[in-house]
Amino acid sequence: EERNFRVFAAERARIMPKRSLLSVLLVLAIALSSARITPPLVVPTLEKAVATPQLLDFSSLENRAELSKRFGRTKLTAGLTKAHAVVRGFFQAESQINSVDVSCNVDDQGQFGAKARVSDLVPGLAVQLSGGFHHSEGVPGRSAGASAEYTFQKPGFSGRLGFERSRLAMSGVLGVRNALLGCGTDFDADTGAISEPLLMARYTGKNFMLSAMGKAGGSKADVTLEQRISESLKAAASFTVNSVTLGLQHESESAVVRAKVESRTRSVAASVQLRNFLPACPSHVLHTVMQLDSTGPRITVNAKFDA
């Protein structure tokens with residue numbers, strides 16, 4: 001009997017993420033179906049709809065300082081990065097020639113890359129060509145690639161088809177009143193395999209937003225609640241299979257202060273983002289993140305200046 005109970009408990013734990021995700025999706029679907037059908041004018045693509053709120057995803061910055069200068073349609077950026085007590089430089093140039101966006105860069109590893117993107121060949125279609133020179137373990141190499149993306153938006157619906165190398169990405173989002181339902185998957189032409197579909201649902205209330213996303217087979221599930229407490233104060237909570245993340249944000253005209261606690265990594269993080277506080281520089285952002293986890297405290301500084 002003890003062995004049977006352990007097997008039952010293991011099987012129940014395995015299917016719980018799937019049931020939890022499907023339960024949230026079912027509740028949102030019922031709310032959506034009972035609502036009067038008044039589709040919103042603009043529906044985001046699936047990639048934007050499932051993006052993690054910045055309130056809960058601000059601690060992945062790197063130590064970096066950059067200075068940008070714009071000359072007409074051309075923008076030049078140079079800066080420094082610091083990792084493991086090593087300081088390296090990087091450079092990037094961006095420009096627009098007619099309807100073609102062109103950019104090239106040398107990153108902090110000394111690798112060169114360039115790309116050209118043509119948008120709206122026909123409404124919603126964009127094509128990008130890219131290439132570069134790189135080195136791995138002292139051996140030089142080069143790369144080249146092409147990708148295409150077609151995005152179409154109608155009142156109450158948005159869809160996207162993307163093709164890169166041998167992979168075709170397909171997604172769609174349906175909007176009804178205050179709710180969104182979306183689905184996306186990938187097809188690999190080389191192997192003939194279709195990836196496990198990604199499902200999402202989102203409901204926006206007067207001062208809150210509840211969203212759920214996960215894989216159709218239950219291998220991944222994430223439920224997020226964002227709550228606006230006042231004009232300047234906002235809170236959020238995210239729940240996954242093995243983690244809970246809580247966050248708080250206070251925003252003013254010149255500063256944004258965030259804090260979060262994550263159970264999986266047992267970490268606490270806080271950040272202060274200051275904007276345009278130096279009179280001599282018209283546009284700049286200074287972002288400082290302080291994080292404490294099992295490896296000890298860390299401080300990251302990220303600064304951007306536009307001359």
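The values are calculated or read from the model by the stated rules, or taken from the named source; none is laboratory data. Please read these numbers as outputs of a predicted model, since none were measured by experiment. All Cβ positions, glycine included, derive from the backbone under ideal geometry; neighbour counts span all protein chains shown. Note: accessible area is taken over every heavy atom of the protein model, side chains too, but ligands, DNA and RNA are not part of it. Shrake-Rupley method; radii C 1.70, N 1.55, O 1.52, S 1.80 Å.
For region 265-291, which residues satisfy the criterion of being open to solvent by 30 Å² or more (accessible area, probe 1.4 Å) and over 23 Å from the mean Cα position of the chain (by Cα)?
Result: N276, F277, L278, P279, A280, P282, S283.
Give region 180-216 a look and list any residue that's closer than 21 Å to G162 by Cα, among the small types (G, A, S) and assigned to a strand (DSSP E or B), or say none.
Matches in region 180-216: G182, G184, A193, G214.
What pairs come up if the first residue lies in region 161-180 and is of a type in the set (V, I, T), the second is part of a loop (DSSP other than H, G, I, E, B) and crowded, with 17+ Cβ neighbours inside 10 Å, and their beta carbons are under 9 Å apart, counting only those six or more places apart or on different chains?
V173/V43; V173/P44; V173/T45; V176/G156
Could you tell me how many of the residues in region 246-293 are in a loop (DSSP other than H, G, I, E, B), closer than 20 Å to A307 by Cα and of a type outside the set (A, V, I, L, M)? Talk me through it step by step, then tell me what you get.
Initially, region 246-293 is screened for residues in a loop (DSSP other than H, G, I, E, B), giving 252-254, 263-266, 276-282.
In the following step, the residues that additionally are closer than 20 Å to A307 by Cα were identified as 254, 276-282.
Right, trim to of a type outside the set (A, V, I, L, M) and you get 254, 276-277, 279, 281-282.
Within region 246-293, residues that are in a loop (DSSP other than H, G, I, E, B), closer than 20 Å to A307 by Cα and of a type outside the set (A, V, I, L, M) number 6.
Among the residues of region 29-51, how many are modelled with pLDDT under 85, assigned to a loop (DSSP other than H, G, I, E, B) and among the β-branched types (V, I, T)?
In the first step, residues of region 29-51 are kept if they are modelled with pLDDT under 85; the result is 29-42.
Okay, now just the ones that are also assigned to a loop (DSSP other than H, G, I, E, B), so 35-42.
Going one step further and asking which of them are among the β-branched types (V, I, T), we end up with 37-38, 42.
Counting residues in region 29-51 that are modelled with pLDDT under 85, assigned to a loop (DSSP other than H, G, I, E, B) and among the β-branched types (V, I, T) gives 3.
Take region 84-113 and flag every residue that is closer than 18 Å to T300 by Cβ, assigned to a strand (DSSP E or B) and open to solvent by 50 Å² or more (accessible area, probe 1.4 Å). Please lay out each step first, then the result.
Residues of region 84-113 that are closer than 18 Å to T300 by Cβ, as a first pass: 84-88, 90, 108.
Narrowing further to those that are assigned to a strand (DSSP E or B): 86-88, 90.
The answer is V86, V87, R88.
What residue, among those in region 246-264 that are open to solvent by 70 Å² or more (accessible area, probe 1.4 Å) and over 30 Å from R70 (Cβ atoms), is modelled with the lowest pLDDT?
R264
Scan region 185-205 residue by residue and report those that are more than 22 Å from the chain's Cα centre (by Cα) and under 22 Å from A51 (Cβ atoms). Write out each step before concluding.
Just the residues of region 185-205 that are more than 22 Å from the chain's Cα centre (by Cα), to begin with: 188-194, 205.
G205, the sole residue that qualifies.
Of all residues in region 242-258, which are in contact with a strand residue (DSSP E or B) (Cβ under 6 Å, 6 or more places away or on another chain) and farther than 24 Å from K206 by Cα? Break it down into steps so the answer makes sense when it comes.
Quick first cut of region 242-258, residues in contact with a strand residue (DSSP E or B) (Cβ under 6 Å, 6 or more places away or on another chain) only: 245-250, 254-258.
Once the filter is applied, which keeps residues that are in contact with a strand residue (DSSP E or B) (Cβ under 6 Å, 6 or more places away or on another chain) and farther than 24 Å from K206 by Cα, region 242-258 yields S254, A255.
Pull up region 160-204, narrow it to residues that are in contact with a Pro (Cβ under 9 Å, 6 or more places away or on another chain) and aliphatic (A, V, I, L, M), then point me to the one that is most open to solvent (accessible area, probe 1.4 Å).
Here the residue is L174.
If a residue must be more than 24 Å from R266 (Cβ to Cβ), charged (D, E, K, R) and within 20 Å of the chain's Cα centre (by Cα), how many such residues does region 206-233 contain?
1
Applying the selection to region 220-232, what residues are open to solvent by 50 Å² or more (accessible area, probe 1.4 Å) and in a strand (DSSP E or B)?
L225, Q227, R228
Give the number of residues within region 58-79 that are free of Cβ contacts under 8 Å to residues at least 24 places away in the same chain, open to solvent by 90 Å² or more (accessible area, probe 1.4 Å) and part of a strand (DSSP E or B).
Residues meeting the conditions: 1.
Name the pairs: first residue in region 249-261 and closer than 12 Å to S271 by Cα, second residue among the aromatic types (F, W, Y) and surrounded by 14 or more Cβ atoms within 10 Å (Cβ to Cβ), Cβ to Cβ under 7 Å, at least 6 apart or on different chains?
Correct list of pairs: R258/F58.
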